[in-house]
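Note sheet for the following structure.
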Ligand code: NAD
């Protein structure tokens, strides 16, 4: 065990330490991986036992609702309604993936002559072994679970390294799941980047979610070892507003997608691209943003809570300060709120060009920039003109216009008249370009990462 200590503090009050734990060094990770590898052999033997254990785990997570929701609010400042939603999604992910254990585990193929019909040619899915999961802080239960649940269902063991800012949540999850899983099958190793690297060096498959800078390193390190990996990374998601859109309705939806949970979702809206006259939507957006309840995330109506840590707050404030130098103006927001919590007023920026920093780099907080386009085609070009491609939304009343825009977008996920934020746990999730590396997550798509295949030919002897 290393001497380094991991500490998670509440964003509502930085003097409140939620949990501390020693960081797991290389040897501690090796011990966790060895335990996982030993437990995985037995775990992989019975699909029925896995389905039963994960079903029981889902019920346990369901029953722990109050504890989970309270901790999420305290540890990461997620507003109550969203914390309740994340808890419900976590239960559904576990219920859904528990049944994946019983999915067909292969295919059969016609065999070559001469004994085509008597020869059995088949491919059979098998677990990869120990899945190393590295997760961010912003969905402290749902993201670890949408990786761990399919990994476990398909017969892998899991070693999870959560973000230090969400350590208490991960430890609670470990405690709940382990009431129903065999020892060693699911282990949390606290730590920072070095612990993450130790996992990549020792696991059989790696799934990462976090920033693009780290994700690209993770994918490169896993690839250098020849193991499968997946990295879900940053986004700079656009909402395109066409001239026929319902301005008031679109502004309300975009305000929520940009500022809900203080904009700290990979699917948050960071750019609004307006085709034609931008003034009405900019004004409506500013009004909608100013109307969002900001404050204590435990309050029932709060939409905008604190940002996660002091560097995150500085990043938003620095971006707001830089707006004037990029030819833009702050329409609303851009200030810190005094007090023990890390609150920033939701910020709408106008007048920047698509190559301004704020329109090119992800700022993980409550800030959005409104850009102008002459035509729908130009809006698509601007939307695509960033290194990311996670999700884009389009606002229009015309289905032909929607389909034309959809066709041109370089995004993994596209939503029409809907917020960029929002995740369906049973549909494929992932992006293009530097937003994602490797196969998609969630639903049946998760099988691609967490299984490999044996191709088996069984012939009649001597044929
Ligand atoms: P981060 O990249 O700082 O950290 C993510 C995880 O990687 C943490 O567990 C961290 O400890 C670990 N890590 C850091 N350095 C590492 C290294 N060198 N090797 C291995 N692991 C290392 O991200 P964050 O601040 O926790 O989360 C915010 C980011 O996550 C944003 O960029 C957001 O867009 C992204 N995100 C993406 C998705 C998605 O599905 N695409 C979902 C949520 C968040």
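Any idea what diffusion coefficient the stretch 345-463 gets from Stokes-Einstein, in µm²/s, Kirkwood Rh on alpha carbon pairs, 4 °C, 1.567 mPa s? Let's see the in-between values first.
On the way: Rh = 17.2 Å.
Here the translational diffusion coefficient equals 76 µm²/s.
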Task: Ratio Rg/Rh, restricted to the stretch 177-233 and using Cα atoms, in which Rh is the Kirkwood radius - done: 1.02
Task: the chain, relative contact order in percent, only Cα pairs under 8 angstrom and at least six apart counted - done: 18
TODO: Give the Debye-formula value of log10 I(q)/I(0) at each listed q (0.08 Å⁻¹), with one equal scatterer per alpha carbon of the chain, two decimals each.
DONE: -0.49
Open item on the list: Within a 10 angstrom radius of the beta carbon, how do 50, 179, 447 rank from fewest other beta carbons to most?
Closed with: 179, 447, 50
TODO: Within 10 Å of each residue's Cβ, count the other Cβ atoms and sort 66, 165, 204 from fewest upward.
DONE: 66, 204, 165
TODO: Project the alpha carbons of the stretch 51-146 onto their principal axes and report the range along each, largest first, in whole Å.
DONE: 67, 25, 21
TODO: Determine, from the Cβ-Cβ distance of residue 432 and residue 70 and an R0 of 35 Å, the FRET efficiency 1/(1 + (r/R0)^6), rounded to the nearest 0.05.
DONE: 0.40
Task: Bridge type composition, the chain - antiparallel percent by DSSP, nearest 5 - done: 40
- [ ] State, as an integer percentage, the relative contact order of the stretch 281-418 based on alpha-carbon contacts under 8 Å between residues 6 or more apart.
- [x] 16
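Among rounded, prolate and oblate, which fits the stretch 268-313 when a ≥ b ≥ c are the square roots of the eigenvalues of its C-alpha gyration tensor, a/c under 1.5 means rounded, and a/b larger than b/c means prolate?
Numbers: a/c = 3.54, a/b = 1.76, b/c = 2.01.
It comes out oblate by the Cα gyration axes.
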- [ ] Project the alpha carbons of the stretch 237-416 onto their principal axes and report the range along each, largest first, in whole Å.
- [x] 50, 36, 29
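Hey, what's the Cα Rg ratio for the stretch 71-197 versus the globular rule of thumb, 2.2 N^0.38 Å?
Values: Rg = 18.9 Å, N = 127, 2.2 N^0.38 = 13.9 Å.
It is 1.36.
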Open item on the list: When only alpha-carbon atoms are used, what values of Rg and Dmax, in angstrom, describe the stretch 98-150?
Closed with: 18.4, 58
TODO: Using a/c under 1.5 as the rounded threshold, could you call the stretch 166-287 rounded, prolate or oblate? The axes a ≥ b ≥ c are square roots of the C-alpha gyration tensor eigenvalues, and prolate needs a/b larger than b/c, oblate otherwise.
DONE: prolate
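So for 364, 139, fewest C-beta neighbours within 10 Å to most, what's the order? If you can, show how the numbers build up before the last one.
Values: 364 22, 139 26.
In order of increasing Cβ crowding within 10 Å: 364, 139.
All of the numbers you see were taken from the coordinates with simple rules; none came from a lab. The structure presented is a predicted model; accordingly, all values stated were derived computationally and were not measured. Counting neighbours? That spans all protein chains shown, and the Cβs are built from the backbone with ideal geometry, glycine included.
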